[in-house]
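Q: Once you've had a glance at the structure underneath, I'll fire off some questions.
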Amino acid sequence: RRSQDSFALRRSQDSVARSQDSFAAPPAPIHQSQTEPAWRPAGRDGKLERAWADGTREVKYRNGTTKRCSASGEVVVSFQNGDTKTTSPEGTVVYFYAAADTTHTTDELNGIETFEFPNGQFERHFSSGEKEIRFPDGTVKLVRADGGTETTFADGQVVVEEPPE
């Protein structure tokens, strides 16, 4: 029932190329043995930048946001409110909402978005419009693109609801 077709929110190759161009050579992960380099001004807008010998680059913006790019292509943005956004070279984006203690993962390769909530609820949203919601008590609810639902309770009882006409 689940669709694995390509993800509707696919980034254009041009925007990816532009973002990579802003940090010429994406850097490698930092090793514990490396000392942290000093921050230095980067432009007139108050940004600070530092770079490691392994190619890792980090930019600190005036609003407190930092962006670290590794040679492997991973980019981690840390916001002042505690949120973090991690983008893998393959295009998977993991956004952690600190205030809500919730993680939202967008996997462009298989067209699935996942949500993990602090109460244990887990959701998968498919590019077809279908959703699978797993509740902490073991209940699983499938929501079809047409709005119909199938709920399987922990005791095995199944309730099917057709979409409104």
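Q: Taking 25 °C and 0.890 mPa s as the conditions, I'd like the Stokes-Einstein D for segment 38-126 in µm²/s, using the Kirkwood hydrodynamic radius from alpha carbon pairs.
A: Translational diffusion coefficient: 168 µm²/s.
Q: Obtain the nm distance between the two label points defined at residue 76 and residue 36 by a simple spin-label model: each point lies 7 Å from its Cα along the Cα-to-C-beta direction.
A: Reported label-point gap for residue 76 and residue 36 is 1.2 nm.
Q: Sticking with this one: Any chance you could run the full-extension gain for residue 160 through residue 62? It's 0.36 nm times the residue separation minus the Cα-Cα distance, nm to one decimal.
A: 30.0 nm
Q: Taking Cα pairs under 8 Å and at least six residues apart, what relative contact order does segment 95-165 come out at, in percent?
A: 16
Q: Let me ask something additional. Contact order normalised by length for segment 33-88, with contacts defined as Cα pairs under 8 Å and 6 or more residues apart; what percent is it?
A: Answer for segment 33-88 is 20 percent.
Q: So, taking all protein chains as they sit and a 1.4 Å probe, how much accessible area belongs to residue 68, in Å² rounded to tens?
A: 70
Q: Continuing with this model, one more query. Using a/c under 1.5 as the rounded threshold, could you call segment 78-165 rounded, prolate or oblate? The axes a ≥ b ≥ c are square roots of the C-alpha gyration tensor eigenvalues, and prolate needs a/b larger than b/c, oblate otherwise.
A: Note, shape of segment 78-165 comes out prolate.
Q: Further question on the same structure: Carbon and sulfur: what percent of segment 119-165's accessible surface (1.4 Å probe)?
A: On segment 119-165, the fraction of accessible area on carbon and sulfur atoms equals 50 percent.
Q: Still on this structure, please answer the following. Just to confirm, what accessible area per residue do you get for segment 44-165 at 1.4 Å probe, in whole Å²?
A: Accessible surface, normalised per residue, equals 56 Å².
The values are calculated or read from the model by the stated rules, or taken from the named source; none is laboratory data. Note that the structure is a prediction, hence the values are computed from the model and not measured. Positions of Cβ are backbone-derived with ideal geometry, glycine not excepted, and every protein chain shown enters the neighbour counts. Keep in mind that these areas ignore ligands, DNA and RNA; they rest on the heavy atoms of the full protein, side chains included. Shrake-Rupley method; radii C 1.70, N 1.55, O 1.52, S 1.80 Å.
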